[in-house]
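Engineer: Structure incoming, see below.
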Amino acid sequence: MNQLNETDAEKILSAVRIGLWRVEFEEGKPTRFYADAVMDELLGVTGDVTPEERFRFHIAHVHPADMSMFQEYADKLAEVRTEIVYRYLHPLKGEMIVRCGGVRDVSEKGFIYTMGTHQDISETVRLEREREMERRLTEMNKSLQRNRERREDYYRELLDIQSCGILAYTIPDHRVVHMNAEALRMYGIKNIGDAQGKIGNALRSVYYPKPGTVERLRKLQKEDDSVDYECIIGKGSSNESHIVAKTKIVQIPTGERAALTTFVDISEMMVLKNALRQAEEGSRAKSAFLFAMSHDLRTPMNAIIGYANLMETHWGEQELTAGYLKKLKEASQFLLGLIGNVLELARIESGKESLSEEVWDMRKLEDTIDMLLNDEIVRKHLKLEKHMRVTHPYIYCDAMKLREILMNLMSNAVKYTPAGGKVCLTMEELPSEKAGYAQFRGIVEDSGIGISAEYLPHIFEEFTRERNSSESGIQGTGLGLRIVKSFVDMMDGSILVESEQGKGTRFTVLLSCRIAEKNALKQKEASTDRLMLSGKRILLAEDNVLNAEIAMTLLADAQAEVDLAEDGVCAIQKLREVPEGYYDLILTDIQMPRMNGYEMAKTIRALPDAKASIPIIAMTANAFEEDRRAALAAGMDGYVVKPVETAALGKAIAELKI
Ligand code: ADP
């Protein structure tokens, strides 16, 4: 036997759970449906049923959604062999997917019948569907992953091209979630890998200039908020960055809290801002200087003009005019000193200012005040009180600065006290703890407009003025007290101000000065008053006609023979023309056309003969120490400040011992 017998075939069909059926369609009779046991089981038919009942049962359990498809199949089956997969509603097992295949034939009795197989393929379909679903899920995941990667690349690029820094790290464990190129640059970190280890330290080394910032940022540990602030990253290092930043607490995709910070580097802006501020301050200083010129300098200038007028009126009355002349000279001296002081403010600020020391009589302070403030005091009907209680009037000090301190305080007292008020100067000596030194307390008191408690802490700041004083139209620059404070500091002294608005102000200055002998002042006066140059030949190099005339008169009065050269070139020419030793001295201006004083001195010092060693004294309007040093560096022997005074010139010539 080479073929499977019927019983074996049935066994196999039963094992693989394939049901067999036969449906008969006979004209005028209900359709009959025959089935084997497996088929009945698959249909859910229980007990004895007639073929007609089975047919109805089957039709009743076809899934309604598949009914039209099933009907179509049944119709086709009547013609050809065909197959269908449809849903069958099994009464016990629920929805079932069924594959049904059948063939058509005609019975001996002449009616059509169909027969075929019926198989439950629910499990296979489910597995297929699951597999399909899995395949689709994998596909979807892959596509999502690709999208996510693309999106991440895109956002990374987007963040990296930002000119602002972006940093996100988790709270509280400081795990860096993102750090763009600019943030890495600011923190000096190479890459995001390095950042994980270094971020803690990096964050701790950030400097916050505005107080309270750290506390505001700390609050973010607990509160979901945002903070705007300024900070400096890498303070003091070469890549120090001034930053405007905003930190906001966000929730990152992992669900963790993170601090997201954006930084904008404003370092370049700060540089520009500083430059602008400096430029503004410079221009402010310039206008303040002009104010000072127009007001502070006017006080001594008025005295000069006033006394010159008085001299004119009383010309011929020798005693009176001599007195006026003395006062005029004193006022001129003061004016000169004041100009120096205004310039000194610039020097104080550049740290170039220094103290000079000379012998001075403290009691002269009273004369200075009388001379410079008397008119104003009289005009305003002020009551002036002066108390001078010093046991060591002769002291070594920077007299110009000391007078400037008290004159400034006194002129303020006069300025800010309305007519009829009182101004008082007390200079007293206190017991000194240091041997050879005298301790002075100068008190300047007034019954004037006073100073508000708000302004008082700013009183020594330059360019500041109390509102009521500027509003009242009283002129001022806000420079005076700044100079006063700097001078007091330089002299290792102290200054205190007490004031009540509407009642008055009191300034107290404490200074310690080395005590000098009375003789020291006498010697100074004696040594500087006489200038005798009889028999001396002097070559004067000066381009300014007026200055030349003053110097020539001064030298002629001292009985010197003077030759004038109008610049450095002429002076050298003249020196070359005369025999060695002809001139005893060259007195030269510094700023001259063609060849200035420094160059002239250098050229002379390089001459091949003995003329190279002729003494040279510079006369210059530049009154600062560095100008003196420049003159000496050019090979000059001495230095006098313009306007040239007999005393100073005599001293410089005496030092040369010519
Ligand atoms: P100013 O040229 O404006 O007088 P100062 O530096 O001398 O400049 O003083 C600064 C400011 O301090 C003044 O503008 C004024 O408002 C206040 N001030 C100084 N001295 C007195 C004073 N004796 N009484 C009232 N206000 C004063």
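The values are calculated or read from the model by the stated rules, or taken from the named source; none is laboratory data. Please read all numbers here as calculations on a predicted model, not as lab measurements. Every residue, glycine as well, gets a Cβ built from its backbone with ideal geometry; the counts of neighbours run over all protein chains shown.
Engineer: Can you name the condition, by its number, that Asp40 falls short on among (1) crowded, with 17+ Cβ neighbours inside 10 Å; (2) touching a strand residue (DSSP E or B) at 6+ places or on another chain (Cβ under 7 Å); (3) under 25 Å from Lys11 (Cβ atoms)?
Structural biologist: Failed condition: (2).
Engineer: Output the residue which, of all residues in the range 55-75 that are hydrophobic (A, V, I, L, M, F, W, C) and farther than 17 Å from Ile97 by Cβ, is surrounded by the most Cβ atoms within 10 Å (Cβ to Cβ).
Structural biologist: Phe55
Engineer: On the given criteria, is Gly101 out of contact with any helix residue (DSSP H, G or I) (no Cβ under 6 Å at 6 or more places or on another chain) and in a loop (DSSP other than H, G, I, E, B)?
Structural biologist: No, not satisfied.
Engineer: In the range 475-490, which residues are more than 7 Å from the ligand (Cβ to nearest atom) and at pLDDT 65 or above?
Structural biologist: The first filter runs over the range 475-490 and keeps only residues more than 7 Å from the ligand (Cβ to nearest atom), leaving 475, 483-490.
Of everything in the range 475-490, those that are more than 7 Å from the ligand (Cβ to nearest atom) and at pLDDT 65 or above turn out to be Ile483, Val484, Lys485, Ser486, Phe487, Val488, Asp489, Met490.
Engineer: If you don't mind, another one. Out of Leu290, Leu355, Leu343, I need the residue that is in the same structural domain as Pro393 (by TED's automatic domain parsing), surrounded by fewer than 17 Cβ atoms within 10 Å (Cβ to Cβ), over 30 Å from Glu517 (Cα atoms) and modelled with pLDDT under 85. Which one?
Structural biologist: Criteria check complete, one pass: Leu343.
Engineer: Can you tell me how many residues within the range 581-594 are of a type in the set (A, V, I, L, M) and at pLDDT below 90? Spell out the reasoning first.
Structural biologist: Of the residues in the range 581-594, the ones of a type in the set (A, V, I, L, M) are 585-587, 590, 592.
Next cut, at pLDDT below 90 only: 590, 592.
Of the residues in that region, 2 qualify.
Engineer: Whether any residue in the range 233-247 is of a type in the set (Gly, Ala, Ser), touching a Gly at 6+ places or on another chain (Cβ under 7 Å) and within 25 Å of Leu159 (Cβ to Cβ) is what I want to check. Steps first, answer last, please.
Structural biologist: Taking the range 233-247 and keeping what is of a type in the set (Gly, Ala, Ser), we get 234, 236-238, 241, 245.
If we keep only those that are touching a Gly at 6+ places or on another chain (Cβ under 7 Å) as well, we get 234, 241.
Next, only the ones that are within 25 Å of Leu159 (Cβ to Cβ) stay: 234, 241.
Looking through the range 233-247, at least one residue is of a type in the set (Gly, Ala, Ser), touching a Gly at 6+ places or on another chain (Cβ under 7 Å) and within 25 Å of Leu159 (Cβ to Cβ).
Engineer: Same structure again: Can you tell me which residue is modelled with the lowest pLDDT among those in the range 376-396 that are within 15 Å of the ligand (Cβ to nearest atom) and not charged (D, E, K, R)?
Structural biologist: The selected residue is Ile377.
Engineer: Moving on to the next point. Got a sec? Which of Met39, Met69 is part of a helix (DSSP H, G or I) and over 17 Å from Gly19 (Cα atoms)?
Structural biologist: Working: Met39 fails: over 17 Å from Gly19 (Cα atoms).
None of the other options fit; the residue is Met69.
Engineer: Does the range 132-144 contain at least one residue that is surrounded by 10 or more Cβ atoms within 10 Å (Cβ to Cβ), of a type in the set (Gly, Ala, Ser) and either touching a strand residue (DSSP E or B) at 6+ places or on another chain (Cβ under 8 Å) or touching a residue at least 12 places away in the same chain (Cβ under 8 Å) (or both)? Can you show your working first?
Structural biologist: Filtering the range 132-144 down to residues surrounded by 10 or more Cβ atoms within 10 Å (Cβ to Cβ) leaves 132-144.
Narrowing further to those that are of a type in the set (Gly, Ala, Ser): 143.
This time we only want the ones that are either touching a strand residue (DSSP E or B) at 6+ places or on another chain (Cβ under 8 Å) or touching a residue at least 12 places away in the same chain (Cβ under 8 Å) (or both), so: none.
No, every residue in the range 132-144 fails to be surrounded by 10 or more Cβ atoms within 10 Å (Cβ to Cβ), of a type in the set (Gly, Ala, Ser) and either touching a strand residue (DSSP E or B) at 6+ places or on another chain (Cβ under 8 Å) or touching a residue at least 12 places away in the same chain (Cβ under 8 Å) (or both).
Engineer: On to the next question. Please state which one of Ala419, Ala399 is more than 14 Å from the ligand (Cβ to nearest atom), farther than 26 Å from Glu357 by Cβ and surrounded by fewer than 22 Cβ atoms within 10 Å (Cβ to Cβ). Give the steps one after another, and end with the answer.
Structural biologist: On the way: Ala399 fails: farther than 26 Å from Glu357 by Cβ.
Unique residue meeting the criteria: Ala419.
Engineer: Residue check: is Lys248 assigned by TED's automatic domain parsing to the domain that holds Leu184 and assigned to a strand (DSSP E or B)? Steps first, answer last, please.
Structural biologist: Numbers: assigned by TED's automatic domain parsing to the domain that holds Leu184: yes; assigned to a strand (DSSP E or B): yes.
Yes: the conditions hold for Lys248.
Engineer: Does Met400 fit the bill of being outside any strand (DSSP E or B), at pLDDT below 90 and of a type outside the set (Phe, Trp, Tyr)? Break it down stepwise before answering.
Structural biologist: Numbers: outside any strand (DSSP E or B): yes; at pLDDT below 90: yes; of a type outside the set (Phe, Trp, Tyr): yes.
Considered against the rule, which asks whether it is outside any strand (DSSP E or B), at pLDDT below 90 and of a type outside the set (Phe, Trp, Tyr), Met400 comes out as yes.
Engineer: Right, something else. Would you call Ala558 more than 26 Å from Ala633 (Cβ to Cβ) and either within 51 Å of the chain's Cα centre (by Cα) or in the same structural domain as Glu645 (by TED's automatic domain parsing) (or both)? Full working, then the answer.
Structural biologist: Working: more than 26 Å from Ala633 (Cβ to Cβ): yes; either within 51 Å of the chain's Cα centre (by Cα) or in the same structural domain as Glu645 (by TED's automatic domain parsing) (or both): yes.
When the stated conditions are applied, Ala558 passes them.
Engineer: Given the conditions (1) out of contact with any His (no Cβ under 9 Å at 6 or more places or on another chain); (2) within 16 Å of the ligand (Cβ to nearest atom), report the number of the one that Leu425 does not fulfil.
Structural biologist: (1)
Engineer: For the range 146-225, please list each of the helices (runs of 4 or more DSSP H) lying entirely inside it that holds at least 1 residues being under 26 Å from Ser238 (Cβ atoms) and either among the basic types (Lys, Arg) or touching a residue at least 60 places away in the same chain (Cβ under 8 Å) (or both).
Structural biologist: Values: elements: 181-187, 192-204, 213-219.
By residue number, 181-187, 192-204.
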